Amino acid sequence: MSSWEKGMFQALLAVVTLSGVVYLVTRYAIENNDPFSVVNHPLEPIAFDLHILLAPFLMFSAGILMRSHAWERFRAGKSARRLSGIVSVGLFLAMAVSGYWLEVTSRPMLADALRVLHIVLGIGFVGTYLGHLVSGFKRRKPVSATVAGRSPAFQGRLSIDETLAE
């Protein structure tokens with residue numbers, strides 16, 4: 001997984017999540033006293049448009065990340081953090097389906113149920129994804145130990161710390 005793939009996914013996730021939160025707040029938490037106003041707050045349509053327009057790019061970026069990160073680790077048999085990754089992927093797929101279905105449905109009761117489901121799945125996905133990232137930071141080795149363990153140039157030689165200790 002390259003740094004631009006991860007960076008693109010995380011930037012899109014941040015913007016889509018933030019626009020969803022702003023839309024949620026401006027649509028349902030703010031009350032407008034103007035009876036002739038179509039929106040509750042001027043940011044409401046902007047947040048909605050950003051959320052809807054950038055979500056497909058987030059899904060595309062997630063597909064790239066699946067190919068370069070998750071699928072490669074699965075094929076290699078690496079099991080570290082696999083559960084949090086699988087839960088994140090499942091929640092992401094369910095969130096994407098509920099968001100798409102929410103946009104194409106014309107039934108008000110179904111739309112209300114999908115809206116709640118989309119919000120709950122979105123919160124769940126962002127939470128598990130952040131947990132997946134944090135668990136990766138905890139498991140990483142220091143850079144010097146990683147380089148010394150993998151590089152043939154360092155095998156059989158003393159590290160800088162061992163040389164200074166002598």
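The values are calculated or read from the model by the stated rules, or taken from the named source; none is laboratory data. In this text, all values refer to a predicted model and were calculated from it rather than measured experimentally. For the accessible areas, the whole protein counts, side chains as well, though only heavy atoms, and no ligand, DNA or RNA atoms are used. Shrake-Rupley method; radii C 1.70, N 1.55, O 1.52, S 1.80 Å.
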Check: P(r) of the stretch 20-116 in 10 Å steps, Cα pairs, percent per bin?
Finding: 13, 33, 29, 16, 7, 2, 0
Next item on the list: Over the stretch 1-45, give the accessible area per residue in Å² for a 1.4 Å probe, as an integer.
Entry: 68
Next item on the list: With 10 Å bins from zero, work out the P(r) of the stretch 78-124 over every alpha carbon pair and list the percent per bin.
Entry: 29, 42, 19, 9, 1
Checklist line | Share of Cα-Cα pairs in the stretch 1-48 lying beyond 15 Å, as whole percent | finding: 54
